[in-house]
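Visitor: Have a look at this one before I ask anything.
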Amino acid sequence: MDHPLARSVGVTETLTPPSNAAGSSWERFESLYRSCRDDVYAYVCTLLRDPAAAEDVTALAFERAYRRRRSFDRRRGEERAWLFGIARNAALDELRRRRRIATLVTDPSEDSTDAGEGDGAEVALRRTAVQAALAKLPAREREIVALKFHAGMSNAEVARVLGVSESNAGTLLYRTMEKLRKACDATA
Amino acid sequence: MRLLEQDPIDPEIAATLDAIDATLAGDPVDARYAELAEIALLLASDRPRVPSEFARSMDERVGRRFAPAAGSAGAAQAARRRRLARRFWETTGALAAGVALIVAIVVVAGGGGRGASSESSSSAASSAASSAASGAASTAASGAAAPLSAPVPHTSTTSGKRTAASSVAAPSYQSLGASNVVQPPTTGRKVVQSAQLNLTAAPSHIDAVAQEVYDVVGQVNGIVNSSTVTQGGPTGYANFQLSVPSASLAQTMSRLSQLTYAQVTSRTDNSQDITGQFDAATRALADARALRTSLLKQLANATTTEQVDSLKAQINDAEASISSDEATLARLNNQVNFSQINVQVNAGTPPVPVSHGGGGFGIGRAAHDAGRVLTVVAGGALIVLAALMPLALVVALLWWAGAAVRRRRREQALDSV
């Protein structure tokens, strides 16, 4: 089957990776920052479920990317995937740190989004069910959702960040969506 | 989890993924994916938003290129860190330069002694090569008039004649100047001197070296007894048998050691004391002459034919003996007055000339020392590299293992949440 590599659009207006390869490393980084700041924060926040920690991790990820911007090798992938790889490592380090100090995490869903304020009752219920189902997902599956729907990545980009094949990433996404659907149905 | 190979995807899964992408793109999807599309839209709309305060703070930090804000504790710490780093690198650089300078001085100062021993060993190889070359090369020999008369049979006894021989091999070409010619004390003694000189020259300069040798021999009124010069291709060889006045031996050796196109690889000086042989020959000659005088007197007083015939025969014998002794004396005198020098020139890469000007520091010496310093530095670097290679491998292995462990722990952290 001829399966096109579809790209998520409409999630954010800054999805296109910077293409001014001829520019200086600083200009490229600044462009990357402008296009990816919100996506990185959304991804990290969903993964950590802690807005304050997500801010720290996002800032750390961009600082690391800035320090290592000259070591970026375009042959190994796009800058966006490279940046999300850095953010992922920083977020996982934060998770490890948390596990060591055994702190509780909070659910950021209420604080971080104002979506749904104008929803009808049925949609609001549905949204609540989806949020509850998402919160129950293991971190690995929540990460897939974060990359796909919150960071606005294509399946190929998700695969690159996770270090798996594109078909493997697609299968993981499919299973996660099926889980969410079943959880929502059960709630309903 | 790390499956990078591309596997074929299930058509149903592919269709679902297409429907999700179409939903996110705002395109209509098939009714059977309606529920999935709704979930996708709800997930997308639930995207955490960046707090405006954080966004402003991040923009500022990026605008400062992540430098600490001026006046903050972080800025002071960063400045202190930069100062320490600069001081560290300045100190390290100064130490490295000092060590390099000391190494260079040690190498240059110790270069002479090590060079001498190495040149000595190369002289042996050169001699061996010349021996081989002399046997293999096709030669064009040119003979010159021999300065010595043919040996005359000497009937006088030579027993009891004192003979002393000595041989000195020069340690290196660097000590072969005119002032370093090895000569035994010759006061009142009859000493025969000879020398062997091995030179190395570029194959293309064999002819030029030969001409230089001829010029030197001409300047000291010497004689080329025989010469062999072979040139052509990458090999070349020349051999000269020279006779020079013994009084000019030191001067001749000095000049031969300073030829423009050749370098001395080894030198051997020989001397043989023949005072005993000379004295014996002189006494024999005096005896023969006294005998002849006596016989001539007897002949004058002879009265019978038989006496006259006998005395004439004895006089003839005495004169033959006188001639033989005179020839022996002449040969010995010639050996004493003319020294034999054998010069061998072998093709090869001549050693780097140090200095012909008495050991002063010049461009050639500087280039030689610079070459030695570079050689030693390169050798040292090679040794350091060889020593560091296993260490680097271990470090790389540890780094790789550390990265693998860190990656695994991160994945475990994801699974444990």
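Where a number appears in this text, it was derived from the coordinates with a stated rule and is not lab data. None of these values were measured; they are calculated from a predicted model. Methodologically, a virtual Cβ is constructed for each residue, glycine included, from the backbone with ideal geometry; neighbour enumeration extends over all protein chains shown.
Visitor: Taking θ = phi - 60°, what integer Hz values does the Karplus form 6.51 cos²θ - 1.76 cosθ + 1.60 yield along the stretch B:243-257, in sequence order, with x for Gly and Pro?
Guide: 10, 10, x, 4, 5, 9, 4, 4, 5, 5, 4, 5, 5, 5, 7
Visitor: Apply the Karplus curve 6.51 cos²θ - 1.76 cosθ + 1.60, θ = phi - 60°, to the phi angles in the stretch B:222-232 and return the couplings in whole Hz, x for Gly and Pro.
Guide: Listing the rounded values in order: x, 10, 8, 5, 7, 8, 9, 10, 10, 9, x Hz.
Visitor: Any idea how far apart residue B:330 and residue B:32 come out in nm if each label point goes 7 Å out from Cα toward Cβ?
Guide: 13.3 nm
Visitor: Inside 10 Å of the C-beta atoms of A:25-31, what's the mean count of C-beta atoms belonging to other chains?
Guide: Numbers: counts 0, 2, 0, 0, 2, 3, 0.
Mean partner-chain Cβ count within 10 Å for A:25-31: 1.
Visitor: Let me ask you something else. Determine the shielding of peptide B:9-22 by partner chains: average, over its residues, the number of Cβ atoms on other chains within 10 angstrom of each Cβ. Display every interim value, and only then the final one.
Guide: Values: counts 11, 5, 2, 1, 9, 8, 3, 5, 11, 5, 2, 9, 9, 1.
Neighbouring Cβ atoms belonging to other protein chains average 6 per residue here.
Visitor: What residues qualify as long-range amide H neighbours of residue B:202, i.e. H under 5 Å apart, gap of 5 or more or another chain, H built at 1.01 Å from N?
Guide: Result for residue B:202 returns B:348.
Visitor: Something else about it: Under a crude label model (7 Å from the Cα following the beta-carbon direction), how far is residue B:320 from residue B:221 in nanometres?
Guide: In this crude spin-label approximation the distance works out to 3.7 nm.
Visitor: Related question: Within 10 Å of each Cβ of A:92-98, how many other protein chain Cβ atoms are there on average? Walk me through the numbers on the way to the answer.
Guide: On the way: counts 9, 4, 1, 7, 8, 1, 3.
That average works out to 5.
Visitor: Residue B:296 to residue B:187: FRET efficiency via 1/(1 + (r/R0)^6), r the Cβ-Cβ distance, R0 45 Å, to the nearest 0.05? If you can, show how the numbers build up before the last one.
Guide: On the way: r = 39 Å, r/R0 = 0.86.
According to the calculation, E is roughly 0.70.
Visitor: List every residue whose amide H lies under 5 Å from the amide H of residue A:154, counting only residues 5 or more places away in sequence or on a different chain, with H placed 1.01 Å from N in the peptide plane.
Guide: For residue A:154, the qualifying residues are A:8.
Visitor: Okay, moving on. Using a Förster distance of 41 Å, how high is the FRET efficiency between residue A:73 and residue B:105, based on the Cβ-Cβ distance and rounded to 0.05?
Guide: Details: r = 45 Å, r/R0 = 1.10.
The value I calculate is 0.35.
Visitor: A follow-up question, please. Using amide H atoms built 1.01 Å from N in the peptide plane, name the residues 5+ places from residue B:338, or on other chains, whose amide H lies under 5 Å from its own.
Guide: Amide H neighbours of residue B:338, under 5 Å, 5+ apart: B:246.
Visitor: To the nearest 0.05, what FRET efficiency results for residue B:85 and residue B:363 with a Förster distance of 45 Å applied to their C-beta separation?
Guide: Working from the Cβ atoms, E equals 0.60.
Visitor: Explain nothing, just compute: Karplus ³J(HN,Hα) = 6.51 cos²θ - 1.76 cosθ + 1.60, θ = phi - 60°, for every residue of the stretch B:398-406 in order, whole Hz, x for Gly and Pro.
Guide: 5, 4, 5, 5, x, 5, 5, 5, 4
Visitor: Points 7 angstrom from Cα along the Cβ direction at residue B:404 and residue B:94: gap in nanometres?
Guide: Result: 4.6 nm between the two label points.
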